[in-house]
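*Asks:* Can you keep this structure in mind? I'll have questions shortly.
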Amino acid sequence: MLRPEEMTRSVVVGSIDSLGVTIECLYELGVLHLIDFTAQDEEFRIGQPLREASDASQKLLKLRSMIRSLDIEKHKPVDKVPVRVIKRRIEQALVTLDLNVSSKADARQKIQTLIREKEGDIRALEPLVNLGIPVENYEGYDNIAPFIGLCKRDPSKAISSKIQESETLNEVRKGDVVVAVFVRSEDRAEAVRILSEHDFQEIKLPKLQGNPADLVGRLRGEIKDLEDDLKRVENDINSIRKQFADFIISSEEDLAIEVLMAETPLRIATSANSFVIDGWIPTSRVHEIQTALDTLCCGLAFVETIPPEEHDEPPVELKNPKAVKPFEFFMNLVSTPKYDEIDPTLILFITFPLFFGFMVGDLGFGVGLALLGAVIRFKFKEYPDAVKLGSIILAGGILASIFGLFVFAEAFGVPFHPPEANPDEYSWAAAVNIPIHPMLEKMHDIKEMLAISFVAGWLHLSLGFVFGFVNNVHHSKKHAIAKVAWFLLLLGLFEEMMFFVGEATATSGFMNSTVFAAFPDASFSFSGIEVSIAAVVLMVTGAVVLPLTEGPLVLTEIVGIFTNLVSYARLAALAIGKGGMAFAFNTMLLPLIFDSGNIAIAALAAVGLVITQLFFVFFLGSLSAGIQAIRLNYVEFFIKFFEGGGTDFSPLRYERKYSVANK
Amino acid sequence: MDLGTGLALVGAGIAVGVAGLGTGVAQGQVGAAAVGATAEDPKMFGKGLILMVLPETIVIFGFVVAILLWISK
């Protein structure tokens, strides 16, 4: 929590004879994040791939070509194939399959090409069917230039008026005009000009002889025969696919793993008799590697931890409890924290559902969202991102239900009881008496909602500055002090806000009597605004310290802190906006449903209500609440401390989905 | 309702409306660029989202001004 998994720089060294076993062992354990070896010298060079690499790569190439030919890239084998079965059968299977698949795939491709060519010929010949001239007579003259093609408009008049000796055949066909124009060779340029004015598109005639109508008939017959052949070949391919798809996919996976391991020496240092694998291991798992190497390599390889160098950047594996893990999704969208930075996932876990719940704040929509989240979470288990997103929506939905039930006392935009200010408003009281009254009425306690938003903003931003201080305190005292100055500035600003509002809202009253109780009450009046002297002292202290630590230009950013705080008004704005939208639809449509006295109108209004509530309030409302809740974290909160740019921990490891390793 | 209150309410409406327009114009341009960047590299989604939602603060200012006008009417 808040800190990533602790990493230890380690080297695995051993005799070159045990390299293969060591690599296999490291992949099995999946705990070593390899640092690629690049600095070659006379002693140590980049290693050579293991002996089996070349053979396995060739087999893999063949299998992948088969997978493409058989079109089984997306096939998921039903049963996992044991690795020993793959190893026993692969040689024989490759010979048989290679012969069958490649010959069938070639045949299929040739037939498809032939069919495409013949279809092209038919397309070229069809417009000429009614002109009645054999194909060979269109071309092949010494002194005559032929033009055969399609025009948007009939060019025959223009041609006969501009060119003395010409012959034009034409026929209107599907909005185009088919033309065959014959002119003397010397008139070619003029003909080209006239035809281009009529949007002429040339038809490229096939090298065939005979009447176009007969040729089209013959070609159609040939295509039919070819299609029959294609079907036979496809059937053969289908039967191969059915019989071997599982085996091919499982073998491809196994060989890919074999190649991955066999090529790993290209990333490590080897000498004539030894190897050195440099990398990072989670501190808690160093002993696992040692035990495994002792067992498998019989003392020929061992692991040693070394102190990290000053500029080392260990890889980052976020370490969070199971409930918090899904919120790492939001971190993945931005950037991995650096190793020595605070990981803010835990804060996302707390603030996102709270902000979201406050903005949605409705029992009906909250339960709906929680159900939606649960469906995504448990029905799409094969997609890790869907599981995370589902959990996030589920958490947001639960908080929205809690806010809706206890704070705002409303469901589907309809309050449990009519508000005091408007006793005629539709409420659930007409149907069921829920003994919960709202602590806040979205549409009426706007000042209170804003005050709560600002308190949330102050706490959130202050936490950001605290994190900023912690992140900087070891590297740069100056930046750490700047964070304290920002913290004081924010505290002063917020104290002044609460002081100014005074007892006008219960929230500010509470803050003034608790958090700010110890602050002196002294104040002065400035342009009609009561200014707290304590707030001024805090803000001036911050504003004086800031330029000393971050340079004078930082003074231009001071207004930004006010912007940041006001930005949290969106919590209230979204809640009120969503409440207002639901209220508007309910006010328009509920009277039609209950008071119109006409079943048809009532039914139509009910459908309208469901659609508007679903689309505008549930879908758009939840979407914008989600975006705003994460935005407050990404923009206002993260900018106070987060740099990101850490390297993800990606250890040597493989995943077997369709094959089972030997014990 | 007197004229002053009416004008304050009109002002509140203008504050939200025009601020919303400003946000829309800014967000449209940032959004187009963000979608382009995300199409090139899906990892840019998070950064694109951050940049895209930045102008939303403008409309929040409009909202706050509107509320201040409405409260003081």
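*Asks:* Can you pull the three principal axis extents for the Cα set of segment A:126-183, in Å, largest first?
*Replies:* Rounded to whole Å, the extents work out to 32, 28, 13 Å.
*Asks:* Could you give the spread of the C-alpha atoms of segment A:499-639 along their three principal axes, from largest to smallest, in whole angstroms?
*Replies:* Cα extents, longest axis first: 72, 33, 28 Å.
*Asks:* OK, next. If the convex hull of the alpha-carbon atoms of segment A:175-241 is projected onto planes in all directions, what is the mean projected area in square nanometres? Intermediate values should be presented prior to the final figure.
*Replies:* Details: hull surface 32.7 nm².
Mean shadow area of the hull around the Cα atoms is 8.2 nm².
*Asks:* Filter the cross-link list A:Lys657/B:Lys47; A:Lys379/A:Lys657; A:Lys388/A:Lys578; A:Lys59/A:Lys338; A:Lys76/A:Lys322 down to pairs whose alpha-carbon distance in this structure exceeds 31 Å. Spell out each step's value before the answer.
*Replies:* Details: A:Lys657/B:Lys47 33 Å; A:Lys379/A:Lys657 19 Å; A:Lys388/A:Lys578 26 Å; A:Lys59/A:Lys338 41 Å; A:Lys76/A:Lys322 29 Å.
Violating the 31 Å Cα-Cα cut-off are A:Lys657/B:Lys47; A:Lys59/A:Lys338.
*Asks:* Can you tell me how segment A:248-289 classifies by the Cα gyration tensor, rounded, prolate or oblate, using a/c under 1.5 as the rounded cut?
*Replies:* Values: a/c = 3.41, a/b = 1.41, b/c = 2.41.
Note, shape of segment A:248-289 comes out oblate.
*Asks:* What Kirkwood Rh does segment A:351-474 have if only Cα atoms enter the pairwise 1/r average? Answer in Å. Can you show the working numbers first?
*Replies:* Numbers: mean 1/r = 0.0614 Å⁻¹.
Over segment A:351-474, the inverse of the mean reciprocal pair distance is 16.3 Å.
*Asks:* Based solely on C-alpha atoms, express the radius of gyration and the Dmax of the protein assembly as shown in angstrom.
*Replies:* In Å, with Rg to one decimal and Dmax whole: 37.4, 109.
*Asks:* Place +1 on the Cβ of every Lys and Arg and -1 on the Cβ of every Asp and Glu in the protein assembly as shown, take the dipole about the Cα centre, and give the residue among A:Ile599, B:Met44, A:Ile122 whose Cα lies farthest towards its positive end.
*Replies:* It is A:Ile599.
*Asks:* So how far, in whole Å, is the C-alpha centre of segment A:434-461 from the one of segment B:47-73?
*Replies:* Going from one Cα centre to the other spans 18 Å.
*Asks:* With r defined as the distance between the Cβ atoms of A:Arg653 and A:Asp236 and R0 fixed at 41 Å, what FRET efficiency is calculated, to the nearest 0.05?
*Replies:* Efficiency at R0 = 41 Å is approximately 0.55.
*Asks:* Using a Förster radius of 56 Å, what is the FRET efficiency between B:Met1 and A:Tyr383 based on their Cβ-Cβ separation? Nearest 0.05, please.
*Replies:* On the way: r = 56 Å, r/R0 = 1.00.
It comes out at approximately 0.50.
*Asks:* So how far, in whole Å, is the C-alpha centre of segment A:5-43 from the one of segment A:79-111?
*Replies:* If we compute the Cα centre of each part, the gap is 35 Å.
*Asks:* If each Cα of segment A:1-127 is one equal point scatterer, what is log10 of I(q)/I(0) from the Debye formula at q = 0.11, 0.13 Å⁻¹?
*Replies:* The computed values of log10 I(q)/I(0) come out as -0.73, -0.87.
*Asks:* Here is a follow-up. Net charge around A:Val414, counting only other residues with Cβ within less than 11 Å of its Cβ (Lys, Arg = +1; Asp, Glu = -1)? Don't jump to the answer; show the numbers that get you there.
*Replies:* Numbers: positive: none; negative: A:Asp362, A:Glu410, A:Glu425.
Overall, the nearby charge balance is -3.
*Asks:* For segment A:431-482, report the % of Cα-Cα distances exceeding 18 Å. Could you put the intermediate results ahead of the total?
*Replies:* Numbers: 784 of 1326 pairs.
Distances greater than 18 Å cover 59 percent of the Cα pairs.
*Asks:* Can you work out ³J(HN,Hα) from phi for every residue in segment A:267-274, in order, using Karplus 6.51 cos²θ - 1.76 cosθ + 1.60 and θ = phi - 60°, giving whole Hz and x for Gly and Pro?
*Replies:* 10, 10, 8, 10, 10, 4, 10, 9
*Asks:* Between A:Arg89 and A:Thr514, what is the FRET efficiency for a Förster distance of 60 Å, r being their Cβ-Cβ separation, to the nearest 0.05? Each step should come with its number before you reach the end.
*Replies:* Numbers: r = 75 Å, r/R0 = 1.26.
Step by step, r from the Cβ atoms, then E = 0.20.
*Asks:* Would you report the distance distribution of C-alpha pairs in segment A:301-385 as whole percents per 10 angstrom bin, up to the bin with the largest distance?
*Replies:* Each 10 Å bin holds this share of Cα pairs: 13, 33, 29, 14, 7, 3, 0.
*Asks:* 7 Å from Cα along Cα→Cβ at both A:Glu310 and A:Lys325: what's the point-to-point distance in nm?
*Replies:* About 3.9 nm separates the two model spin labels.
*Asks:* With only alpha-carbon atoms in the gyration tensor, what are the semi-axes of the equivalent ellipsoid for segment B:10-73, in Å, largest first? Please list the in-between numbers first.
*Replies:* Numbers: eigenvalues 202, 21, 4 Å².
That gives 32, 10, 4 Å for the three semi-axes.
*Asks:* If you don't mind, there's one more thing I want to ask. Could you calculate the contour length gain from A:Val172 to A:Ala421, that is, 0.36 nm times the residue separation minus the distance between their Cα atoms, to one decimal place in nm?
*Replies:* Working: separation 249, 0.36 × 249 = 89.64 nm, distance 7.62 nm.
Contour length minus Cα-Cα distance gives 82.0 nm.
*Asks:* Running Debye on segment A:519-563 with equal point scatterers at the Cα sites and no solvent, what base-10 log of I(q)/I(0) appears at q = 0.19, 0.31, 0.33 Å⁻¹?
*Replies:* -0.70, -1.03, -1.08
*Asks:* In Å and whole numbers, how far do the C-alpha atoms of segment A:101-140 stretch along each principal axis, longest first?
*Replies:* Cα spread of segment A:101-140 along its principal axes, largest to smallest: 46, 20, 9 Å.
Every number in this text was worked out from the coordinates using simple rules, so none of it is lab data. Keep in mind that what you see is a predicted model, and the values were worked out from it rather than measured. Cβ: placed from backbone, ideal geometry, glycine included. Neighbour counts: every protein chain shown.
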